[in-house]
1. Starting from the coordinates of the alpha-carbon atoms of the chain, obtain the Kirkwood hydrodynamic radius over all distinct pairs and give the value in Å to one decimal.
2. Using the basic label-point model (7 angstrom from Cα toward the beta carbon), what is the residue 116 to residue 153 distance in nanometres?
3. Too long at a 27 Å Cα-Cα cut-off: which of 137/159; 71/159; 21/116; 134/162; 137/162; 116/159?
4. In debye to the nearest 20, how big a dipole does segment 8-134 give about its Cα centre with +1 on each Lys and Arg Cβ and -1 on each Asp and Glu Cβ?
5. May I ask for the percentage of alpha-carbon pairs in segment 1-76 that lie more than 17 Å from each other?
6. Per DSSP H run of at least 4 residues, take -39500 (n - 2.57); add these up for the chain, divide by its residues and hand me the 222 nm value, nearest 500 deg cm²/dmol.
7. What net charge is computed for the residues neighbouring residue 27, neighbours being all others with C-beta under 9 Å from the C-beta of residue 27, Lys and Arg scored +1, Asp and Glu -1?
8. Using a 10 Å cut-off on Cβ atoms, rank the peptides 46-59, 140-153, 163-176 from the highest mean neighbour count down.
Amino acid sequence: MESLVKEMQDPESGVPVRSQKIFLTSIPSAFMGYDLIEWLMERLNVEESEALNMGNQLCQHGYFFPVNDSKTLIVKDDSSLYRFQSPYYWAWRQPQKAPDQIEYAIYLAKRSLRNKQRHGLEDYENEALASLNKNLKGKWDFIVMQAEEQIKLSKDRKKGDKIVSDSQERAYWRVHRPPPGQFTPLEPCPVPSRDRQGK
């Protein structure tokens, strides 16, 4: 998967990534769904339905994500915008290591300290934050301090870079801590134990 995604990101022969205009807003570092599907069809020599399926698999595994829809990880063969995930956040970079509770708590605390309209937490995230606050009580001062430090560091970055970075981090957590009832392909499948079969 990763080698295919690297090919997609090639500036010359990959999926065309650029600032996209929507009404009066410029969306940095984005590509359109139909450009992705067309690229997959040509590169893999497959039909549209197979390219769409492959695009959805890559999206659900966190290699790219919808820019304007943080709730679903679905690729549409239209002008919907997507953004490549930073390799730092690729799921297979750290196999067998799920992100820990402290990292998630810092992320949620950071969002809760920022502009509520743009960075506000969803209901399930508010519940998770309250639960983490309760369970990590002894480390909570450290968590808040880390969140504040990350916010302070991000203020020095360019607006476009902040937008891209924020969306990549949010997409990462959407894959690793999806809303209740949402599917994630990263969850380990239960494997039946042989010693239980005869009992």
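Just so it is clear, none of the values below were taken in a lab; they were calculated from the coordinates. Just so we're clear, the structure is a prediction, and the values are computed from it rather than from any experiment. Counting neighbours? That spans all protein chains shown, and the Cβs are built from the backbone with ideal geometry, glycine included.
1. About 18.6 Å, per the Kirkwood formula over Cα pairs.
2. Going by the 7 Å Cα→Cβ label model, 2.8 nm.
3. On the way: 137/159 34 Å; 71/159 23 Å; 21/116 25 Å; 134/162 30 Å; 137/162 30 Å; 116/159 18 Å.
Table pairs above 27 Å Cα-Cα are 137/159; 134/162; 137/162.
4. Working: 14 positive and 17 negative charges, 174 e Å.
Its charge dipole is roughly 840 debye.
5. On the way: 1241 of 2850 pairs.
When all Cα pairs of segment 1-76 are counted, 44 percent exceed 17 Å.
6. Numbers: 9 runs with 99 residues, N = 199.
So the calculated ellipticity at 222 nm is -15000 deg cm²/dmol.
7. +2
8. Working: 46-59: 16.9, 140-153: 14.3, 163-176: 18.9.
Ranking the peptides 46-59, 140-153, 163-176 by packing returns 163-176, 46-59, 140-153.
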